[in-house]
Amino acid sequence: MSYTGPGFDPPQPRRSRRGPLTVALAALVPGALLGWAVYAAVGGSGDDEGPGSTAASASPSASASASSRTSSPAPSASSEDEKPGAPAAASGPLRGRVVVIDPGHNPENFKHTAEINRQVDIGTNRKECDTTGTSTDDGYAEADFTLDVAHRMRALLEKQGATVKLTQDGDRPFGPCVDERARIGNEAKADAVVSLHADGSGTGNRGFHVILPGAVDAGAADTRAIVGPSEDLGTRIAGNFVRVTGSAPSNYVGGGTGLVTRKDLGGLNLSTVPKVFIECGNMRDSKDAALLTSGAWRQKAAQGISDGIVSFLRGWGSAR
């Protein structure tokens, strides 16, 4: 079935599936754009994994290597003890704060098409329970990518003292459905929720974008109280993602801001706590795919998103 949410391609054969998005024209990320401009001006980080590098290209070996690191990502040189599943720190600046990470899709969804095609209520209408997600041309699945980045983020945030919960950890046969994903964050009384994705747009479409909840008051959905804090969370994540990864905001949605507002996603519509989605890059573009399949780049992505969450919790989130 067709699905216009983030990071989905129909089952094989895969094809580009994104329709027009609702763009938050008024949302600006001056810090993100300035950070990217500075990065571009100085020529990036100097390694071969930066955006636009001629050495960056997706290959079967890169995809296989990335897949093998999904369950046990290699630590970065600057954070050797940041292992997935590390115990929460006894103390730290985020002690007492709850962060829910929502790794988009599920590696086994493709085996359960009847279950994930079941319609669920998202307030404004009904949509599929979940989707299979997209993949690179070499077969590295979005669901594997999101789970890997979630593990890296969990290690980073727990080191700061946060209590971190995942909506799924490869521990269930499919899903959870989008309404349950929202409910997990709500029931945890999370201070921040981030849903991780990678896009499946056309070749040449590059960059990341953060999806913010629009103001919805329909049926079981009422996002009015979380629109403001979610925008702050998303803006801080966008700025830090640029700063750490050097990736540019999307060149195909968001008007160059890296921010998009949508009212058609159940995971946002049904949330009662601050929540955003992030599309970390486009898996169907070879240059973006080279980044997404790199363990070193995924560590940077996890760091950038986590830094945005920490900034939010010390700013707007500290008043909650």
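The values are calculated or read from the model by the stated rules, or taken from the named source; none is laboratory data. Since the model is a prediction, treat every value here as computed from it, not as a measurement. So basically every Cβ, Gly included, is an ideal-geometry build from the backbone, and we count neighbours across all protein chains shown. Please note that ligands, DNA and RNA were not included when accessible areas were found on the heavy atoms of the full protein model with its side chains. Shrake-Rupley method; radii C 1.70, N 1.55, O 1.52, S 1.80 Å.
Below, the figures for the structure above:
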{"quantity": "All positions within region 119-154 that are of a type in the set (A, V, I, L, M) and within 21 Å of Leu166 (Cβ to Cβ)", "calculated": "Val120, Ala141, Ala143, Leu147, Val149, Ala150, Met153"}
{"quantity": "Any strands (runs of 3 or more DSSP E) falling wholly within region 77-189 and containing at least 1 residues that are at pLDDT 95 or above, in contact with a helix residue (DSSP H, G or I) (Cβ under 7 Å, 6 or more places away or on another chain) and surrounded by 18 or more Cβ atoms within 10 Å (Cβ to Cβ)", "calculated": "98-103, 126-128, 163-166"}
{"quantity": "So Arg172, is it under 22 Å from Lys111 (Cβ atoms), in contact with a strand residue (DSSP E or B) (Cβ under 9 Å, 6 or more places away or on another chain) and charged (D, E, K, R)", "calculated": "no"}
{"quantity": "Of all residues in region 190-222 being under 21 Å from Asn240 (Cα atoms) and charged (D, E, K, R), the one that is least open to solvent (accessible area, probe 1.4 Å)", "calculated": "Asp199"}
{"quantity": "Among (1) of a type outside the set (Asp, Glu); (2) open to solvent by 40 Å² or more (accessible area, probe 1.4 Å); (3) not in a helix (DSSP H, G or I), the one test that Ser247 misses", "calculated": "(2)"}
{"quantity": "Qualifying residue in region 223-246 (condition: in contact with a His (Cβ under 6 Å, 6 or more places away or on another chain) and either under 17 Å from Ser201 (Cβ atoms) or among the basic types (Lys, Arg) (or both))", "calculated": "no"}
